[in-house]
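Here is the structure we will look at, set down as structure tokens.
The values are calculated or read from the model by the stated rules, or taken from the named source; none is laboratory data. Only a predicted model underlies this, so the values are computations on that prediction, with no experimental measurement involved. Glycine also receives a Cβ, built like all others from the backbone with ideal geometry; neighbour counts cover every protein chain displayed.
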Amino acid sequence: MMKKYIFPAIFSVALFFIALILSGCDKNDNLVIFSVEDDRRLGAQVSEEIRKDPSFKLIPEEQNPEAYEYINNMVDEILNSGEVAYRDEFVWEVTLIDNDTVLNAFATPGGYIYVYTGLIKYLETADALEGVLGHEIAHADLRHTSRNLQKMYGVSILLSVVLGKDPNALEQIAGQIAGTVAGLRFSREYESEADNKSVVYLAATSYACNGAAFFFERLLEEGQASPPEFLSTHPSPENRVADINAQAESVGCETTLATDTGYEAFKASL
């Protein structure tokens, strides 16, 4: 009876070691089967799926160039911090989504960032938005979605994508991410990583380095009984505020709000 299981077991081990050889550790010292090019391909595929889905009311850049210029400048400050590992490899493309009822933002592999107008209008300062942008950039830069996929699908399926043996697999995975956003819900560990990295990013910008904490502070002030979907799998707001502020103290960075006279005009333009 045992002989039936010898080959599958050996095959699985072999696949694992092939994955190790092909991938190795990335720039953040994480073992990721997907290559950087695979991240870009997956991100582009997810972007195309989102573009075709009418439930995502995307705002074209030509419709509001001033708003895009403003938020792209915010992203550029983070990218120029010297702390983004894949600064030159990923696309770092921001897209605004027209929905004032949703407090959400997310980033897909390869640096595609999506921000809902509802979240922007909810945030009271540019520092808070910069903190959220830093958090989402960190998810992409730390390759959290690709690392999640390894847990969800296993080595054999992802290796078939990497080796080009299943041309439909990448499209199917992209469709799931775009359709349910399930692939973008991260563990507490990944959320904490992104929060901490956001502080490091913002420390080299003109914004308060603990900007990511301001969103959660407002939720606490308002006493929201249940957090929005954006926080459904996150650590509690109380813990996140404390941890972000502790990281800022550890880094020794500036926590004074930036002087940004254009933020209110930016929000009003959406």
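In the stretch 82-103, the residues that are closer than 15 Å to L58 by Cβ reach residues that are of a type outside the set (K, R) and part of a loop (DSSP other than H, G, I, E, B) with C-beta atoms within less than 6 angstrom, at least six apart or across chains, in these pairs: I97/F56. Check the stretch 51-59 and report whether any residue there is under 17 Å from the mean Cα position of the chain (by Cα) and surrounded by 15 or more Cβ atoms within 10 Å (Cβ to Cβ). No.
Evaluating K121 against the criteria (1) more than 13 Å from Y201 (Cα to Cα); (2) in contact with a Lys or Arg (Cβ under 8 Å, 6 or more places away or on another chain); (3) crowded, with 16+ Cβ neighbours inside 10 Å leaves one unmet condition, (3).
Looking only at the stretch 94-109, count how many residues are among the hydroxyl-bearing types (S, T, Y) and either surrounded by 20 or more Cβ atoms within 10 Å (Cβ to Cβ) or more than 19 Å from E69 (Cβ to Cβ) (or both). The qualifying residues number 2.
Among the residues of the stretch 33-52, count how many are of a type in the set (A, V, I, L, M), in contact with a helix residue (DSSP H, G or I) (Cβ under 7 Å, 6 or more places away or on another chain) and in a helix (DSSP H, G or I).
Step one: list which residues in the stretch 33-52 are of a type in the set (A, V, I, L, M), which gives 33, 36, 42, 44, 46, 50.
Now restrict to residues that are in contact with a helix residue (DSSP H, G or I) (Cβ under 7 Å, 6 or more places away or on another chain): 33, 42, 46, 50.
Pick out the ones that are also in a helix (DSSP H, G or I) and you get 42, 46, 50.
Residues in the stretch 33-52 being of a type in the set (A, V, I, L, M), in contact with a helix residue (DSSP H, G or I) (Cβ under 7 Å, 6 or more places away or on another chain) and in a helix (DSSP H, G or I): 3 in total.
Does the stretch 21-28 include one or more residues that are over 22 Å from E193 (Cβ atoms), of a type outside the set (S, T, Y) and modelled with pLDDT of 75 or more? Checking the stretch 21-28: not a single residue is over 22 Å from E193 (Cβ atoms), of a type outside the set (S, T, Y) and modelled with pLDDT of 75 or more. Please enumerate the residues belonging to the stretch 75-103 that are more than 19 Å from A194 (Cβ to Cβ) and in contact with a helix residue (DSSP H, G or I) (Cβ under 6 Å, 6 or more places away or on another chain). Selection gives D98, N99, D100, T101, V102. In the set G179, G183, only one residue is surrounded by fewer than 16 Cβ atoms within 10 Å (Cβ to Cβ) and at pLDDT below 80; that residue is G179. Restricting the stretch 252-269 to residues that are surrounded by 10 or more Cβ atoms within 10 Å (Cβ to Cβ) and hydroxyl-bearing (S, T, Y), the residue that is farthest from V241 (Cα to Cα) is S269.
Here's the yes/no breakdown for (1) more than 15 Å from the chain's Cα centre (by Cα); (2) exposed (fewer than 15 other Cβ atoms within 10 Å of the Cβ); (3) modelled with pLDDT under 95:
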| site | (1), (2), (3) |
| --- | --- |
| D38 | yes, no, yes |
| E49 | yes, no, yes |
| Q63 | yes, yes, no |
| A67 | yes, no, no |
| V75 | no, no, no |
| S81 | yes, no, no |
| G111 | no, no, no |
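Among the residues of the stretch 225-268, those that are at pLDDT 95 or above and aromatic (F, W, Y) comprise Y263, F266.
E136 satisfies every condition listed in (1) touching a strand residue (DSSP E or B) at 6+ places or on another chain (Cβ under 9 Å); (2) more than 23 Å from R185 (Cα to Cα); (3) among the acidic types (D, E) except (2). Are there any pairs, at least 6 apart or on different chains, whose C-beta atoms fall under 9 Å, with the first in the stretch 31-46 and within 17 Å of E136 (Cβ to Cβ) and the second buried (at least 20 other Cβ atoms within 10 Å of the Cβ) and of a type in the set (D, E, K, R), and if so, which? Partner pairs satisfying both residue conditions: D39/R143.
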